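One structure is given below, encoded as C-alpha cells.
The values are calculated or read from the model by the stated rules, or taken from the named source; none is laboratory data. Bear in mind the structure is a predicted one, so any value in this text is a computation, not a measurement. Please note: Cβ atoms are built from the backbone with ideal geometry, for glycine as well, and neighbour counts cover all protein chains shown.
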Amino acid sequence: MSVNEQEWYTSFFDELNEYWVEIVDARSTGKEVEFIESVVTTTEGLVLDLCCGTGRHSISLRRKGWNIVGFDISPNLLRIAKDSMRKSDARFPLVRGEMRYLPFRSETFEAVINMFTSFGYLPSKNEDMKSLKEISRALRPDKFLLIDIANLEHLLKIFQKKDWAEFPNFYLLEKRSLDISDSRLRSQWIFLDKKTGRTRIFRHNLRLYHFQQLRSMLIKVGLVIESVFGGYEKQVFQHDSHRLIVVAKKIL
C-alpha cells in the first residue's frame with residue numbers, strides 16, 4: 001500500500017468539501033453538545049476539540065462560555081469553521097495539524113473532546129497509540145478525554161455491504177467491506193449530484209475498536225476510564241451499543 005493510500009485522510013475531507021458539510025449538518029449537533037456538557041464538567045480552562053471539522057461542536061460550546069481550541073488536519077474544513085464562527089460571533093483559535101503531533105505544550109488542556117468517530121484513520125494501531133500518547137501529554141493531571149467512536153461489535157452485528165442516503169443536494173451510496181482480521185471498514189462513497197448529475201467516488205478507510213481494546217490502549221498512556229456510554233442520551237453501554245463513548249481521566 002502506498003503512503004498516499006495509507007494516509008488517505010489527509011485529503012479526503014478537503015475533497016468532500018460541501019458534501020461533508022451536508023453530512024454533518026444532518027447530525028443532531030444540539031443533542032451531542034448537550035451530552036458533552038453533561039459529561040465534561042470543566043469549562044474554565046482550555047478545552048481542545050480534536051478533529052473539530054466544521055466547528056459544529058466548538059461553536060456551540062464557545063457560545064456557552066467554554067474556552068475552546070479547534071484542531072483539524074483539513075484546511076477546507078477549518079475555512080468552513082472560520083466562516084461559521086464569524087456568522088455565529090463565536091471566536092476561538094483554530095489550529096491545523098495532525099493528531100500524532102499536537103503543537104501544544106504538555107499539560108495545556110482541562111479536557112480533550114474527540115467526537116463522531118475521528119479516531120482510527122491513521123495507518124496502523126501504533127500510529128493510533130501515538131495520537132493517544134499526545135492527547136495524554138497535552139492533558140493536565142486528573143483531567144479528561146471524551147472520545148466518541150463507532151462500536152465495532154455493533155457494526156459486526158448490523159453490517160451491510162451497501163447503504164444509501166439522500167441529502168439536499170446529492171445522493172450517497174456507500175459500498176462497504178469489513179476486514180475482520182484487521183478490524184478495518186473499507187468503503188466507497190459514491191456521490192450523485194442532484195443539480196449536475198455528476199458522480200464522484202471517494203475511498204474511506206477506518207480502523208474500528210471494541211471496548212476492551214480501547215480501554216487497554218488508554219491505560220497504556222495513563223488514561224483510566226471513568227464512564228462509558230452507548231449513545232448521546234447517556235444510554236448504558238452494552239457490547240452491541242451503536243456508539244462507544246468513553247470518558248477517561250489522566251492519572252499520570
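I want to confirm something. Restricting to segment 76-97 and keeping residues that are among the basic types (Lys, Arg) and either out of contact with any strand residue (DSSP E or B) (no Cβ under 7 Å at 6 or more places or on another chain) or not in a helix (DSSP H, G or I) (or both), which single residue is farthest from residue 31 (Cα to Cα)?
Taking segment 76-97 and keeping what is among the basic types (Lys, Arg), we get 79, 82, 86-87, 91, 96.
Next, from what is left, pick out any that are either out of contact with any strand residue (DSSP E or B) (no Cβ under 7 Å at 6 or more places or on another chain) or not in a helix (DSSP H, G or I) (or both): 79, 86-87, 91, 96.
Details: 79: 24, 86: 23, 87: 21, 91: 22, 96: 27 Å.
Filtering segment 76-97 for residues that are among the basic types (Lys, Arg) and either out of contact with any strand residue (DSSP E or B) (no Cβ under 7 Å at 6 or more places or on another chain) or not in a helix (DSSP H, G or I) (or both), the one farthest from residue 31 (Cα to Cα) comes out as 96.
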Check on residue 100, touching a Lys or Arg at 6+ places or on another chain (Cβ under 8 Å), within 25 Å of residue 251 (Cα to Cα), assigned to a loop (DSSP other than H, G, I, E, B) and assigned by TED's automatic domain parsing to the domain that holds residue 220: yes
One residue from 227, 216 being surrounded by fewer than 17 Cβ atoms within 10 Å (Cβ to Cβ), in a strand (DSSP E or B) and polar (S, T, N, Q): 227
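From the list 144, 191, which residue is in contact with a Ser or Thr (Cβ under 8 Å, 6 or more places away or on another chain), in contact (Cβ under 8 Å) with a residue 24 or more places away in the chain and assigned by TED's automatic domain parsing to the domain that holds residue 49? Steps first, please.
Working: 191 fails: assigned by TED's automatic domain parsing to the domain that holds residue 49.
Within the list 144, 191, the selection yields 144.
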Hits in segment 44-60 - residues which are part of a helix (DSSP H, G or I) and under 16 Å from the mean Cα position of the chain (by Cα): 56, 57, 58, 59
Residue tally, condition surrounded by 12 or more Cβ atoms within 10 Å (Cβ to Cβ) and over 18 Å from residue 243 (Cβ atoms), over segment 138-175: 12
Residues of segment 23-43 classified as of a type in the set (A, V, I, L, M, F, W, C), within 13 Å of residue 115 (Cα to Cα) and within 14 Å of the chain's Cα centre (by Cα), total: 3
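Checking the conditions here, which among 83, 49 is touching a helix residue (DSSP H, G or I) at 6+ places or on another chain (Cβ under 6 Å) and either buried (at least 22 other Cβ atoms within 10 Å of the Cβ) or not small (Gly, Ala, Ser) (or both)? Write out each step before concluding.
On the way: 83 fails: touching a helix residue (DSSP H, G or I) at 6+ places or on another chain (Cβ under 6 Å).
Unique residue meeting the criteria: 49.
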